[in-house]
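Everything on this sheet refers to the single structure shown next.
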Amino acid sequence: MAIEQARPGVLDGTALRADFPMFDRPHRTGRPLAYLDSAASSPKPRVVIDAIADAYAHHYANVHRGIYELSEDATSRFEGARDALARFSGAPSPREVIFVRNATEAINLVAYSWGRTNLTAGDRILATEMEHHANLVPWQQLAAATGATLEYVGLTDDGRLDPDDLAAKIAREPKLVAISHVSNALGTINPVREIADAAHAVGALVLLDAAQSVPHLPVDAAALDVDFLALSGHKMLGPSGIGALWGRRALLDAMPPFLTGGSMITRVTLEGSEWNEVPWKFEAGTPAIAEAAGLAAAVAYLEAIGMQAVREHERFLFERTWSTLGAIPGVRLLGPADVDLHAGVVSFVIDGIHPHDVATIFDNEAVAVRAGHHCAQPVMLRYDLPATTRASFNVFNDLDDVERLADAIRTCQRVFGTA
Ligand SMILES: Cc1ncc(COP(=O)(O)O)c(C=O)c1O
């Protein structure tokens, strides 16, 4: 790891890039890759790739089954990954951390298991207009299945939750408030603790979609006082195919299983079955064993850097990006200007150029960004846009990437004659 080379206060993104083998891959332009798409999925540091290879090479057997050394070794490493993730996300106990495939599955688990047991016609679910489809479609399905009503908190012109609308909708006493910590489409950081307090005051539970926050800022589920928290491994420098749901123990204990089959039972007869304890009650079938080892390595890597340092680094890059891009005529930036309310995700539109054309021209400059609706179509509708271009930062980005981004925008404007 190149972490020692970090400058005080601000990480040395250039040096950290050496930890990520993906940057060894030559881009067809011959230029170094400016990877600005971590919000979609992050590259993996060598330690994560090595941990996965090591798990398969030296510690692999099925978990929670074998009564032999190798299986016990695999099981203890798998459970160790759970401990690491609990510590990292502020979960009071690893027993409350359920391994799933990704944040989408974590949210679906709550929607199916908690939602279909606890909601009936006339109940309210409150989400927001800035949610990723993963924290929106499951609630639409739940509302359709139970007769509950799904309401949304509207957004301000600068991409924040409208505080008046939020207060008014919470006053309608929803049973569940489902919100993102950081919007993947706007970069907005939501005031989670404040919302959790208001929701709890009317008896609502709070589900936090932390897919975009856990990888980029310190997140403490207990301090935020939410009831469920969803995350994805692949966005936090870890492998794809593994994510987690944290939930309060009492809630999880009372919830029925989501998926059923092997591992999640204690006793099965031809007449019926008894469920395992949490978290295993929710982990049917063989889990993502090597991926758990990779995720534990990602957690260790991020912990070694320190999440406060990650946040400060991305804050610095955001500030520079906001001022640099904001000074280019014809560029419109989305989301709040206040750095305290904006994570390292910058969505923008360039007048007269479709974001898909932008991303294509950027690719010729070896600048990788996301263009589209970012799985948040209601956000596009709210701002009357077909799509945006989105640059998102990570520990390995640096000011050079910000300059490359600005240069690529100017190139687009020249190509389209809009400068
Ligand atoms: C805010 C947010 N929530 C949920 C998700 C879904 O994550 P996954 O596709 O890993 O399930 C994403 C993915 O982009 C996201 O940005």
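The values are calculated or read from the model by the stated rules, or taken from the named source; none is laboratory data. Everything numeric in this text was worked out from a predicted model, so none of it was measured. Positions of Cβ are generated from backbone atoms using ideal geometry, with glycine treated the same way; all protein chains shown enter the neighbour counts. In case anyone asks, the SASA skips ligands and DNA or RNA and just uses the protein heavy atoms, side chains included. Shrake-Rupley method; radii C 1.70, N 1.55, O 1.52, S 1.80 Å.
The figures follow:
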{"quantity": "Apportionment of accessible area to carbon and sulfur, segment 319-381, percent (1.4 Å)", "calculated": "52 percent"}
{"quantity": "Dipole axis of the chain (+1 Lys, Arg; -1 Asp, Glu on Cβ), positive-most option in Val206, Ser232, Thr388", "calculated": "Thr388"}
{"quantity": "Value of relative contact order over segment 365-418, rounded to a whole percent, pairs C-alpha under 8 Å and six or more apart", "calculated": "35 percent"}
{"quantity": "Cα-based Kirkwood hydrodynamic radius, the chain, one decimal, Å", "calculated": "22.3 Å"}
{"quantity": "Segment 116-241 - Rg and Dmax from Cα coordinates, angstrom", "calculated": "14.1, 41"}
{"quantity": "Normalised contact order of segment 29-90, rounded percent, pairs of Cα under 8 Å and 6 or more residues apart", "calculated": "18 percent"}
{"quantity": "Nearest-0.05 FRET efficiency for Arg172 and Asp225, computed from C-beta distance (R0 22 Å)", "calculated": "0.55"}
{"quantity": "Phe88 accessible area, 1.4 Å probe, all protein chains in place, Å² to nearest 10", "calculated": "20 Å²"}
{"quantity": "Lys, Arg +1 and Asp, Glu -1 on Cβ, resulting dipole of the chain about Cα centre, debye, nearest 20", "calculated": "540 debye"}
{"quantity": "Förster-model FRET efficiency, 30 Å R0, Asp407 and Asp54, C-beta, rounded to 0.05", "calculated": "0.15"}
{"quantity": "Binned Cα-Cα distance frequencies in segment 203-287 - 5 Å width, integer %", "calculated": "3, 13, 20, 19, 17, 14, 8, 4, 2, 0"}
{"quantity": "Euclidean distance between Cα centres, segment 39-71 to segment 170-249, Å", "calculated": "27 Å"}
{"quantity": "Charge dipole magnitude, Cβ of K and R +1, D and E -1 - segment 239-291, Cα centre, debye nearest 20", "calculated": "140 debye"}
{"quantity": "Extension gain, Ser240 back to Glu312 (0.36 nm per residue minus Cα-Cα distance, nm)", "calculated": "23.3 nm"}
{"quantity": "Among Ala185, Ala204, Ala343, residue whose mean-square fluctuation peaks in a GNM of the chain (springs only between Cα atoms under 10 Å)", "calculated": "Ala204"}
{"quantity": "Inter-label distance for Ala40 and Tyr383, nm, one decimal - labels placed 7 Å from Cα along Cα-to-Cβ", "calculated": "1.8 nm"}
{"quantity": "Segment Asp157-Thr286, length gained on full extension (0.36 nm per residue, minus Cα span)", "calculated": "41.8 nm"}
{"quantity": "Helix-only [θ]222 nm of the chain, DSSP H runs n ≥ 4, -39500 (n - 2.57) each, per residue, nearest 500", "calculated": "-11000 deg cm²/dmol"}
{"quantity": "The chain: most fluctuating residue of Ala121, Ala91, Ala284 per GNM, C-alpha cutoff 10 Å", "calculated": "Ala121"}
{"quantity": "Segment 1-117, Rg to Rh (Cα coordinates; Rh as Kirkwood inverse mean 1/r)", "calculated": "1.06"}
{"quantity": "Computed label-point distance, nm, for sites Asp351 and Arg87 using a 7 Å Cα→Cβ extension", "calculated": "5.3 nm"}
{"quantity": "Residues with amide H under 5 Å from that of Thr128, placed H, sequence gap 5 or more", "calculated": "Val153"}
{"quantity": "Convex hull of segment 284-419 built on C-alpha atoms - directionally averaged projected area, nm²", "calculated": "10.6 nm²"}
{"quantity": "Heavy-atom accessible area per residue - the chain, 1.4 Å, Å²", "calculated": "39 Å²"}
{"quantity": "Spin-label pair Arg65/Gln140, simplified geometry with 7 Å Cα→Cβ offset, distance in nm", "calculated": "3.8 nm"}
{"quantity": "GNM result for the chain, Cα springs below 10 Å: residue of Gly30, Gly66, Gly115 fluctuating most strongly", "calculated": "Gly30"}
{"quantity": "Listed residues Asn190, Met255, Ile353: farthest to the positive end of the dipole of the chain (Cβ charges)", "calculated": "Ile353"}
{"quantity": "Most to least accessible of Cys412, Cys375 (protein chains only, probe 1.4 Å)", "calculated": "Cys375, Cys412"}
{"quantity": "Percent RCO, i.e. relative contact order, over the chain, from Cα pairs under 8 Å lying at least 6 residues apart", "calculated": "23 percent"}
{"quantity": "Cα centroid of segment 86-149 to Cα centroid of segment 321-356, whole Å", "calculated": "31 Å"}
